[in-house]
Each structure stands twice: as C-alpha cells, then as structure tokens.
C-alpha cells in the first residue's frame, strides 16, 4: 500500500488571490483546463492556493513577466500607439489587475483533511503506472533513448504544453486511486521555496476575504517582492 506524505495547510489557512477567492472557476466544455492540476477530462475543478501572499502573487503575476518577442509583435500592430512603450502598457495592465484582486484565507472544513506531497517517492512510483499518466508521458516529446520515461519530480515541475498534460493526468490519477485525498501539495515552479496547494473542488472550504490593498504594508511588501522577482513594473501606488 502506498504511503502518502501529508502536507497540511498553515493554521491560518492557505492564501488565494482572485477577484472572488471563494469561487471555483467555471468548468471548460471544450477540453481540459489551462492550469497545472486541472482535470484533463473536465469533470472536476481545482482551487489553487499558496502558503503565503508572496508565493501566491508569484504564481498569479507571472502572466506579466517581460516578453520581448510579444512586445515587438504588438509594436508592429497599427492600433498600438508608437508613443506607448511596453513597460507603460504592462504597468497599466498590472494596475487594472491589482485593483480587481481580493485576498482569501482558505481552510478545509473536513474532520480529517488530507493534502499530500505530489513529489513523495512512493506516490510517484504508483502514479507512474496509471494508464492516464503513461499515455501523457508517452505522447509527450520527452525521450530517454530506448528506455521509457518515468514519472519523477522533474516531470511534475515541467510547465507549458509539455508538462501540463502530464501534471493534469497525475491529478486525475491521484483522484481515482486515492479518493480520500483532498488536494495536492506542490512547489512553485518559479520559486521552489514557495509551497502551494491545489485543492479538489468537491472539498468543503471556508474562505475569509479581505481586499488586496496598497495601503496595507504586508500586502504592499508582498506585491513588491513578487514584482521584483518577476521583473514586473508596478504602478506608483504599489512601489
């Protein structure tokens, strides 16, 4: 029997930054979700959280990281004014995004919550045998000569179009093999010191919500720390 390694949420709850932190996203009907541990079959939802505000912001503000190739393409479009440079467009987008965000502290309302380390060795070996996981790995461009590529922590941390089908298959496989598990504990791909959790949508939660505010020193410090790491320019109120 596989030994599961529990990784509980902080006593004050995990952090979620979203316009509606208490809400779950809408199920997609045209295919799997876009996020790391979304269900590839589209039948269940995930609620993404982090151990602290900085970790949560690193994950959610990564969309604003500089992209010189995209900026060059935008500059070539007629309706993009030549007097509006990429940093100014980014600052405006970041300001709009921050203004819409709220901060939720998420706790699980279950007698015995079970969130497990997805990189635990025993669990990786078990999940590697699941047909969905094998299919995702074998359909990926990953190769190891004549040998089969096996699920390991490195694959769990892969992103984008190569890694996402694998981690989504892992999420589905874990849900099927261990329905008692409430969620997945994992590390941020951007900063591996930041602990995150993906909580299965059927798990009851309590969410305490406050506004994300530049007037709050803790909020401002976390936003500045995430922006500094990601090289994201901030609007004046958050500097």
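A few notes on this one:
- Scoring residue 145 on the criteria (1) buried (at least 16 other Cβ atoms within 10 Å of the Cβ); (2) within 27 Å of residue 123 (Cβ to Cβ); (3) without any contact (Cβ under 8 Å) to a residue 60 or more places away in the chain leaves a single failure, condition (1).
- Which listed residue is surrounded by 13 or more Cβ atoms within 10 Å (Cβ to Cβ) and free of Cβ contacts under 8 Å to residues at least 24 places away in the same chain, from 195, 189, 220: 220
- Test result for residue 137, surrounded by fewer than 21 Cβ atoms within 10 Å (Cβ to Cβ), out of contact with any strand residue (DSSP E or B) (no Cβ under 7 Å at 6 or more places or on another chain) and not in a strand (DSSP E or B): yes
- Within the range 22-55, the set of residues being surrounded by 16 or more Cβ atoms within 10 Å (Cβ to Cβ), farther than 25 Å from residue 135 by Cα and out of contact with any strand residue (DSSP E or B) (no Cβ under 7 Å at 6 or more places or on another chain) comprises 25, 54.
- Of the helices (runs of 4 or more DSSP H) contained entirely in the range 152-237, those carrying at least 2 residues that are under 20 Å from residue 24 (Cα atoms) and in contact with a strand residue (DSSP E or B) (Cβ under 9 Å, 6 or more places away or on another chain) fall at 160-177.
- If you check 167, 210 for being under 24 Å from residue 11 (Cα atoms) and modelled with pLDDT of 95 or more, only one passes: 210.
- Every residue from the range 113-123 that is assigned to a helix (DSSP H, G or I), over 16 Å from residue 175 (Cβ atoms) and either free of Cβ contacts under 8 Å to residues at least 40 places away in the same chain or touching a helix residue (DSSP H, G or I) at 6+ places or on another chain (Cβ under 9 Å) (or both): 121
- Scanning the range 6-21 for residues that are loosely packed, with under 15 Cβ neighbours inside 10 Å, touching a strand residue (DSSP E or B) at 6+ places or on another chain (Cβ under 8 Å) and in a loop (DSSP other than H, G, I, E, B) gives 8, 12, 19, 20.
- Hits in the range 91-108 (condition: over 15 Å from residue 226 (Cβ atoms) and either in contact with a strand residue (DSSP E or B) (Cβ under 6 Å, 6 or more places away or on another chain) or in a strand (DSSP E or B) (or both)): 102, 104, 105, 106, 107, 108
The values are calculated or read from the model by the stated rules, or taken from the named source; none is laboratory data. Here the structure is a predicted model, which is why all the values come from computation and not from measurement. FYI the Cβ positions are ideal-geometry reconstructions off the backbone, even for glycines, and counts take in every protein chain you see.
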